[in-house]
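K.L.:
One structure follows; several queries about it will come next.
The values are calculated or read from the model by the stated rules, or taken from the named source; none is laboratory data. Everything numeric in this text was worked out from a predicted model, so none of it was measured. Methodologically, a virtual Cβ is constructed for each residue, glycine included, from the backbone with ideal geometry; neighbour enumeration extends over all protein chains shown.
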Amino acid sequence: MKICYKFILVTALIATPLWSAEKSPEIYNMGNVKGGDSKAAHGIIDKKCTKCHTGARIDKALRENKDMFKIQKEMEKRGAKLNSREQEVLGIFWKQQSPLKQGK
């Protein structure tokens, strides 16, 4: 059996980054967010939050380190309807987006 060393080398070079790839702890540890990613949170935002304004407005608030918990509560007072699971998923997501505010 003849071993093609070039094939092994190319395969190893291509696969090496995949072997070391890990989910970041921020994304992986998201409570009941299905799949261990933020898809559920983004789905809730797309479904519930963008009825009244764009996702860009939410992104801007995140970039400016606004208190997303406070904003969420204000939006609920204004009529946004979130069930307990949606509130939990978004709460975890907001915490992951602004880890420095967790101690407040």
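K.L.:
Which number in (1) out of contact with any Cys (no Cβ under 9 Å at 6 or more places or on another chain); (2) outside any helix (DSSP H, G or I); (3) at pLDDT 90 or above; (4) loosely packed, with under 10 Cβ neighbours inside 10 Å marks the one condition that Ala56 misses?
P.N.:
Here Ala56 meets the rest and fails (2).
K.L.:
What are the residues in the stretch 45-70 that are in contact (Cβ under 8 Å) with a residue 24 or more places away in the chain and among the aliphatic types (A, V, I, L, M), if any?
P.N.:
Passing the criteria: Ile45, Leu62, Met68.
K.L.:
Answer yes or no as to whether Glu26 is surrounded by 12 or more Cβ atoms within 10 Å (Cβ to Cβ), part of a helix (DSSP H, G or I) and at pLDDT below 60.
P.N.:
Spelling it out, Glu26 is indeed surrounded by 12 or more Cβ atoms within 10 Å (Cβ to Cβ), part of a helix (DSSP H, G or I) and at pLDDT below 60.
K.L.:
So which residues in the stretch 69-91 are farther than 17 Å from Lys47 by Cβ and either among the small types (Gly, Ala, Ser) or within 17 Å of the chain's Cα centre (by Cα) (or both), if there are any at all?
P.N.:
Selection gives Phe69 alone.
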